[in-house]
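Structure first, commentary second.
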């Protein structure tokens, strides 16, 4: 999952929880999903420590 | 005009020319071609006092094709052009064969410098043409991704521009993944090489944004970035492009065709990657809210429950009894009217706290 999507879903979940609309069972599930998304985001921020590759050029025809 | 009568030896049914005769024939044929103007860059200019002619090679700035040119020294000097290598010229002349060597040459009759003004005019015409095709239209501009999986960097292999952009990107966002395509950014090979490298980058996969980076330079140095081939390739590139070419005051046409233009490496970095500290901070805030949210939810549910219970209690007879009322029952039935009981009957009385039995004394 891409960082942008994960972050967006996470923020939506927080808003949903804060609105107080969810029932308790759903709230627990939402919270678990939120934690998972947060972990996903952190992993992408931390694990992909700067990588620079040089592309081998194609000789122009 | 001399008709082409070139003598050949006859060997059986085969007609064979000497080299000199062949060259003479070709030279005569070439001499019948019309005079034309040819545009190119002056290279390998050779002029010496003891030579009858001045020689140089006219080079096509597009693909590097070459044409040897000669001009009688007297005529060349009379033009007072003071030409140097690398200058763009228009040469008026005709082709001829240097018979002794079989070399094709262009014999110049006149030379005109194709100056900065002409370059600007040509550039302006191209700009008008591509603009009319809609290549620079604002509605063509795409939004850049906020969080690219990989960044493509198209730049010169020597370039300080490369280092500056890389530093700016990794400073702002250390987790950035960058794919660098290095190529010529100057001279006749630059434009086609840039186009090829751009295509390579697009094929590299997972590239969500491309930066075209080149440091400042002279007007001529930046010309490849106004080359029609490159400008079209930028406009039709499937991946959004940031153009970071030259300085603020330069406006090569790729700047107009790109989705966004940046005038400095750090400006480009700001467009391409998010600020890692800001991203982290926002994530931390969101997490904090996430962790508090279930507790808040429980508190709200609890408060609602308490409210409902309070109302329930307010409506129950118990609360009424607490205020000093009593319920009178006659064998379990609630007594609402005095005549429902008779003197001497036993009744049960329930109070806010506890109950007792009593005997009816008198009905009123």
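The values are calculated or read from the model by the stated rules, or taken from the named source; none is laboratory data. Quantities reported herein were computed from a predicted structural model and do not represent experimental measurements. Note that each Cβ is placed from the backbone with ideal geometry, even for glycine, and that neighbours are counted across all protein chains shown.
Restricting to the stretch B:271-312, name every residue that is outside any helix (DSSP H, G or I) and surrounded by fewer than 15 Cβ atoms within 10 Å (Cβ to Cβ). Break it down stepwise before answering.
Step one: of the stretch B:271-312, the residues outside any helix (DSSP H, G or I) are B:273-275.
Within the stretch B:271-312, just B:275 meets the criteria.
In the stretch B:313-340, which residues are farther than 17 Å from residue B:354 by Cβ, touching a helix residue (DSSP H, G or I) at 6+ places or on another chain (Cβ under 9 Å) and in a helix (DSSP H, G or I)?
B:313
One residue is enough: does the stretch B:197-212 have a residue meeting the conditions touching a helix residue (DSSP H, G or I) at 6+ places or on another chain (Cβ under 7 Å), more than 17 Å from residue B:271 (Cα to Cα) and at pLDDT 90 or above? Spell out how you get there, then give the answer.
The initial filter retains those residues of the stretch B:197-212 that are touching a helix residue (DSSP H, G or I) at 6+ places or on another chain (Cβ under 7 Å), namely B:198, B:207, B:209-212.
Next, only the ones that are more than 17 Å from residue B:271 (Cα to Cα) stay: B:198.
Retained after the next criterion (residues that are at pLDDT 90 or above): B:198.
Taking every residue of the stretch B:197-212 in turn, at least one turns out to be touching a helix residue (DSSP H, G or I) at 6+ places or on another chain (Cβ under 7 Å), more than 17 Å from residue B:271 (Cα to Cα) and at pLDDT 90 or above.
If we keep just the residues of the stretch A:26-53 that are touching a strand residue (DSSP E or B) at 6+ places or on another chain (Cβ under 7 Å) and surrounded by 14 or more Cβ atoms within 10 Å (Cβ to Cβ), which is farthest from residue B:293 (Cα to Cα)?
Taking the stretch A:26-53 first, the residues touching a strand residue (DSSP E or B) at 6+ places or on another chain (Cβ under 7 Å) are A:48, A:51-53.
Narrowing further to those that are surrounded by 14 or more Cβ atoms within 10 Å (Cβ to Cβ): A:48, A:52.
Working: A:48: 30, A:52: 40 Å.
Restricting to residues being touching a strand residue (DSSP E or B) at 6+ places or on another chain (Cβ under 7 Å) and surrounded by 14 or more Cβ atoms within 10 Å (Cβ to Cβ), the top hit is A:52.
Return the pairs, sorted by first residue and then second, in which the second residue is surrounded by 14 or more Cβ atoms within 10 Å (Cβ to Cβ) and at pLDDT below 90, the first residue lies in the stretch B:56-82 and is farther than 18 Å from residue B:38 by Cβ, the beta carbons are less than 9 Å apart, and the residues are 6+ apart or on different chains.
Taking only residues 6 or more apart or on different chains, the pairs are B:73/B:47; B:77/B:47.
Just a yes or no: is a residue in the stretch A:15-25 surrounded by 13 or more Cβ atoms within 10 Å (Cβ to Cβ), assigned to a helix (DSSP H, G or I), facing chain B (nearest Cβ under 8 Å) and at pLDDT 80 or above?
yes
Hey, can you tell me all the residues within the stretch B:61-73 that are under 39 Å from the mean Cα position of the chain (by Cα) and either buried (at least 17 other Cβ atoms within 10 Å of the Cβ) or assigned to a strand (DSSP E or B) (or both)?
Initial filter on the stretch B:61-73 (under 39 Å from the mean Cα position of the chain (by Cα)): B:61-67.
Passing the criteria: B:61, B:66, B:67.
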